[in-house]
Structure formats: structure tokens, C-alpha cells
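The structure under discussion appears below in the form of C-alpha cells.
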Amino acid sequence: MKRVLIKDVFKSQPVGDQVKVAGWIRSVRNSKGFSFVVINDGSCQGTFQIIANEDMENYQDVTSLLVGACVEFVGEIVQSQGKGQSIEMQASSVVIHGRTDESYPLQKKATSLEFLREQAHLRPRTNLFGAVFRVRHHMAMATHQFFSDRGFYYLNSPILTAVDAEGAGEMFNVTTMDLANIPKSKEGKVDFSKDYFGKPANLCVTGQLEGECFAMGMGAVYTFGPTFRAENSNTPRHLSEFWMIEPEVAFLDLEGNAELAADYVKYLISYAFEKAPEELESLQKYHQFAAKGAKEPYENHLEVLQKVINSEFERITYTKAIEILQKSGKKFDFAPEWGVELQTEHERYLAEDYFKGPVTVTDYPRDCKAFYMKQNDDGKTVRAMDVLVPGVGEIIGGSQREEDHGRLITRMEEMNMEQAPLWWYLDLRNFGTAPHSGFGLGFERALRYVTGMKNIRDVIPFPRTPKNCDF
Ligand code: 4AD
Ligand code: MG
């Protein structure tokens, strides 16, 4: 007999049929003469109740089962007598794939998110993480659907690279050199000509520059891959390895770029509502429970998200944002000041308190941003845009790109950047240059926003952060 997914059993409600299901035990209760076994198989949020009677073959095996064990049951689907479920199974046979004992870490009692991070190999079996990672799956599917429907091509940009595209110097080096015996030149410098690539290489911090090459030929592309940043930030919104979606589009200006970003974020939310309503409901309940007794009143997360789908994103310039922050009267840890990058507390004030929804901030001071951004005529600002959302702050960073060869060279000189490694990038401006724009959405940041999870470590399967590369 073929195993049926629990989600399909709930969907088709095959009352009277013999069915085989399998999964991990969430709870087990033994009464006189029969047992209730509740399992989940990861296919949906719901759990499935199985009733095993003492006249069943190897009933003794069932009564000795504990939470976490992996079981397979065959039985008849019947209308449920009890509350909480419409159907259940009257079991006729069981196969026990894997038992547990009392040391199984995920017992029924509530466990903290910190504890579950230490048990990252088991947390996919919890209600909460099942919900988070099903939403993650659907938002990945939404991404491909959204861009593909709009004529974008999916581009696999390289993960190994020799350039520091963001110029922030936060890269993981990649080498095959013997670290105990590093080849050195006569001057005592590392001799990278002896290294695997014959020059320094690192893990990508972005796929944007390669994306630009393809946009300048295929029109519109998007990347969706892992990116790596060796910034020493231990915060609820930084990971050393995170996933980024980076669309890049020819003949698009900042206006169009901001529209694309807003449409994409709204699409992600509406897709999650469509494909994972039970997961979102379950997350909402979790947050409401977790917020019990909290000082601040808990907002209805789903209602707030739902409103975003049909709203316009606010749009302001960086200069205006600084004005709002300075006039707010709020005591920030870092006083907002023109010329300095916005801090998380500033971003959250703007999105949460001031606009009470997503806001796109444009035209940042050029000294805060990367070399490739298109310069405004004021000589001070660039055509940058960040999308800020309540609860998280920045989830998107992007810009119109500088398409003028001369201006790009001047900017690189001002920033003391080496031009040679980027000869191919500069070539794009020499051969058939075109106005173009793009952005990067931090997938885990977007997931934090949609799932309402407070720590970015809880929306990626196995988080990598400073001093932490377990699992
Ligand atoms: O703003 P960033 O640095 O922009 C870029 O990398 C551009 N190349 C994107 C582009 O224009 N194609 O990063 C983009 C987004 C941020 O808005 C944030 O959501 C996310 O990536 N991000 C991180 N997410 C988790 N952990 C980190 N350490 C992150 N750093 C950036
Ligand atoms: Mg940024």
C-alpha cells in the first residue's frame, strides 16, 4: 500500500478507505484498552490522530511508544468522535521505524527558541518550525513565479569570485594554501600566484555585478542564491550566510525599480496567504502566546500584513527621513545625522512608528553607498533605495546603476578602488551602455517580516553567525 500524505488525507477525507500514513509522534496517550497517537508528517500544519485498539496486532508495541518516534500506520479513516479533528484513523497495523527514549529533547513542554537553535537538527519536527519552513518554501516559489511571469530569466551568478562588489571588505577568503606554511614573496607578502586560482578569491557578497552583465543582453534577470558576509554582527537581523534575490533590469530607472520592489514584496505576502494560510495562523497564535504579559500591546500581525498587500508603499528621500527623525523628539542611541547611514533604530522608527508600514527611502548620501550607484546632479547623493519594513528595518537595498563610464571611473578613483579586476564591469559602460537598475532582497529578512519571527536565526535552516557554524 502506498503511503498518503496527511495533508491529502485531510483534503480528500476518504472516510471508509484503508489508508497508510507515516510520521513522527507529537503525543501519545494510553487508556484502558486503546491508545491515541497523534502524528505529523511535515506535509501540513495539522496533526493526525490515530486510534489503536488492544485487539490490534502488536498493540504492546504501540503502548510503549514515546514522543518523537517514527511510525507508520495502516487503518480505516473514520469520522472523529472527539473534538479538534474531523477525521481520524482506526488503526489495523503499525510499523515502528524508529523509537525514542526519555532523553528526546523535544518533549511536550514548551521549549525556548534558544534551546531549539541548539537542537537545529530536530527543530524541523516542531509545529513552529514546520510553519516557518513551509512559508519559506512558498516564498521561494513565489519569487520564481513573480519574476518569471514578468519576463525575467533566472540567473545563477557565481559563488566563488575575485571581486569585492560591495567594497565593504567583509568577505570570506577561499584558499587551498597550507595555512601553516603560506607561500610568501621576497617582500614577505602572501604569494597568491601559488594559490588555487592564482590570485585571492572569496565567497560572493552579491551576484549583482554578474547580474548586470546578463541584464545588458537578456534584458531582465534575477539571481536567487546564497551570499556570504564576514561582518562581525551578532544581531537578530544579520547572518554570515544568507540568501538574496537580486533582479537586474535594463532600461529601468529608480522609479520603476521602486515599483518593482513594492510589487514583489506584496506578491510574496499574498502568495504566502494563498499557499500557507494555516501556517500563518499558527505563527500568529504562537506570537500572541509569546507576547502574553508583554508591555507593548501585540498587534494583529496577519491583519497588518494583509493591509500591506493593497497599500502603496510610502516613498521619501533620505534627506526627508533625517528631518523626520530629527524632529521626532525620540531619544535614539545614535543621533540621526545627514551623511551617516541610517541605523536599525532609525529604520524601525520610520517604518513602525511614523509610516506604520513599508517605506522606500531614496537618494542616500553617496559616501554611505557602493561605488556603482548612479550619481545625482547635486554631487552629494546617489540614486539608491532601501525598503524598510516594521519589525525588521531594511529588507531591500538597491539602486539605479551608474551607466556612464567616465563618472564611474571618477567615483572608483575617489574611493581608491582598483579598476583592473573590474575591467569587464567597466566594459559594459564602454560597449552599448544603457540605463539600468536593480535591487537585492534579503530572503531571511523578508521571511522575518512575513512570519513575524523576531530572530533571523529562526528563519534559515542552519544559521551561520560569528563563532557559530554548527550542523
Ligand atoms: O543592501 P545590500 O548590501 O545590497 C546589495 O548587496 C546589492 N548588491 C543589492 C543589489 O542592488 N543587487 O544587501 C541587500 C539586502 C539587504 O537589504 C538585506 O535585506 C540583506 O540583503 N542583507 C542581509 N541579510 C542577512 N544578513 C546579512 N548580514 C545581510 N546583509 C544584507
Ligand atoms: Mg543595504
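The values are calculated or read from the model by the stated rules, or taken from the named source; none is laboratory data. Every value quoted in this text rests on a predicted model; they were computed, and no experiment measured them. Cβ placement follows ideal geometry from the backbone for every residue including glycine, while neighbour counts extend to all protein chains displayed. What goes into the accessible areas is simple: the full protein's heavy atoms, side chains included, and nothing from ligands, DNA or RNA. Shrake-Rupley method; radii C 1.70, N 1.55, O 1.52, S 1.80 Å.
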(message) For region 366-391, give me the residue count where each residue is over 19 Å from Ala261 (Cα atoms) and free of Cβ contacts under 8 Å to residues at least 60 places away in the same chain.
(response) 9
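Let's see how each residue does on (1) outside the structural domain of Met216 (by TED's automatic domain parsing); (2) within 14 Å of ligand 1 (Cβ to nearest atom):
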{"site": "Asp404", "(1), (2)": "no, no"}
{"site": "Tyr425", "(1), (2)": "no, yes"}
{"site": "Gly438", "(1), (2)": "no, yes"}
{"site": "Leu447", "(1), (2)": "no, yes"}
{"site": "Phe471", "(1), (2)": "yes, no"}
(request) Scan Gly217, Gly167, Gly211 and give me the residue that is under 21 Å from Asp386 (Cβ atoms), in a helix (DSSP H, G or I) and more than 14 Å from the chain's Cα centre (by Cα). (result) Gly211
(request) Name the one entry in Phe129, Phe73 that is assigned by TED's automatic domain parsing to the domain that holds Arg448 and at pLDDT 95 or above. (result) Phe129
(request) Can you work out which of the residues in region 186-208 that are outside any loop (DSSP other than H, G, I, E, B) and within 13 Å of ligand 1 (Cβ to nearest atom) is least open to solvent (accessible area, probe 1.4 Å)? (result) Gln208
(request) Answer yes if at least one residue in region 440-453 is surrounded by 14 or more Cβ atoms within 10 Å (Cβ to Cβ), within 28 Å of Gly339 (Cα to Cα) and in contact with a Pro (Cβ under 7 Å, 6 or more places away or on another chain), and no otherwise. (result) no
(message) Looking at region 337-365, I want the residues that are among the polar types (S, T, N, Q) and have a partner that is part of a helix (DSSP H, G or I) with Cβ atoms under 9 Å, at least 6 apart or on another chain. Which pairs are those?
(response) Thr360/Ala258; Thr360/Ala261; Thr360/Ala262; Thr362/Leu254; Thr362/Ala258; Thr362/Tyr318
